[in-house]
Amino acid sequence: MKEEYKIVRGLISIDEAMEFGASISQSSVTWEGDEQVPTSKSCPNHSICNILLGSLAKQISELTGKNLIPTYSYTRIYLRGAELKPHKDRPSCEYSVTLNLAQTHPWALFMGENELNLTPGDGVIYKGCEIKHYRKKFEGESYTQVFLHYVDADGPYRDYMYDFINTRKKEETFEFVIPDTGHNHSNYYKIHNVLPDIVIDRLISKINEDKLSTAMVSNSKGDGIEDSIKRRSQIYWIPKTKEYLDLYTVILKAIIACNSEFYQFKLSGLPESIQYTVYNENDNGHYDWHLDMGTQAVIRKLSVVVQLSDPSEYEGGTLEINNGRILEVEKEKGTMIMFPSYMLHRVTPVTKGTRRSLVAWVNGPAFI
């Protein structure tokens, strides 16, 4: 990249930006003050933003024509009155990306004397050590933005590649998420016939018995109906008891095999109960575009869906995954689908019949 900065419209989609912005605002991190911009709150190496740091590294390398290595991410939520004075960055920010995730009001970014306006999902790649950049006083309510910092692996600042060590908490562990030629981290993995038909039929019968024997609670934490503009479904949390041990064992073995062959993420377990989900025609059952990442304290790394209904039993209800294009996932009964939890996905409205599935999330140490 010969120029000092480059605008990249739609570096991530607006839906992704909105989901990342919402996940950040709802996360349980301890936000820090910011000496550079007192009227803001910040978080170095937010685990959710480190997903972007690693997963965008290859794309940013291609756009700059350099072999870039991540150093760290830095997340800011600017508040009314915030002002970023003209400055240049330190060596670990040799190549940086400023990415708009959410805004209540537009807010111009200046690169040198040039005024740039970004909408959510837009980014600017810039040479942080060479060009002065700044923002004038913010008149809106809030503006969520993340810096993604890199150094040239073949350049003078390559020794700053481990700068993230100085910006993280000592008890945290990290892992790079950089797709390579051997593993595709922007796709999904499927295993056919994880659960045979007879096992599925018995499982559904058993769950229905359990549901009838317990009071249904209609809220987001208990069993019952998930009902919002974004989601409409019935859920039941399968307890981690002896009667369901075989189910958990089968799914965990499949997860381990899949991760070993395909993703090779560092994983720590399945702390949440498996969710049994029902999407009905009469309820207009659906789940709009969303991410499964969790919060800073609960890092979901892999999402798992097991199809329990035969495709002939319903219409619509397609699981779709967005990796830059929309992937329609297979519907065969008993098939297990696995994909990284940082990928946008949805279940389209069920227009006829009923779609049943199991959903699980696998946790692990934070990404970087």
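Observations, loosely collected:
- Residue-normalised convex hull volume from the C-alpha trace of the chain: 144 Å³ per residue.
- Mean-square fluctuations from a GNM of the chain, with a 10 angstrom spring cutoff on Cα atoms, peak among GLU313, GLU94, GLU83 at GLU313.
- Taking the Cα centre of the chain as origin and assigning +1 to Lys and Arg Cβ atoms and -1 to Asp and Glu Cβ atoms, the resulting dipole is close to 460 debye.
- For the range 144-156, the Karplus equation 6.51 cos²θ - 1.76 cosθ + 1.60, evaluated at θ = phi - 60°, returns couplings of 9, 8, 10, 9, 10, 10, 9, 10, 6, 4, 10, x, x Hz by residue, with Gly and Pro reported as x.
- Among TYR160, TYR150, TYR95: highest mean-square fluctuation, GNM of the chain, C-alpha pairs under 10 Å: TYR160
- GNM top mover of GLY324, GLY21, GLY316 - the chain, alpha-carbon springs below 10 Å: GLY324
- DSSP-assigned coil residues among trypsin sites (Lys or Arg not before Pro) in the range 60-93, each with at most 13 further Cβ atoms within 10 Å: LYS88
- Rg(Cα) / (2.2 N^0.38 Å) computed for the range 189-367, rounded to two decimals: 0.98
- Residues with amide H under 5 Å from that of VAL8, placed H, sequence gap 5 or more: GLY123, VAL124, ILE125
- Each residue of the range 301-311 is assigned a 3J(HN,Hα), and the resulting list reads 10, 10, 10, 10, 10, 10, 6, 10, 9, 6, x Hz, derived from the Karplus form 6.51 cos²θ - 1.76 cosθ + 1.60 (θ = phi - 60°), x at Gly and Pro.
Readers should treat all values here as calculations from the given coordinates under stated rules, not as data from a laboratory. These numbers come from a predicted model, not from an experiment. When we count neighbours, we look across all protein chains shown, and the Cβ atoms used for this are built from the backbone with ideal geometry, even at glycine.
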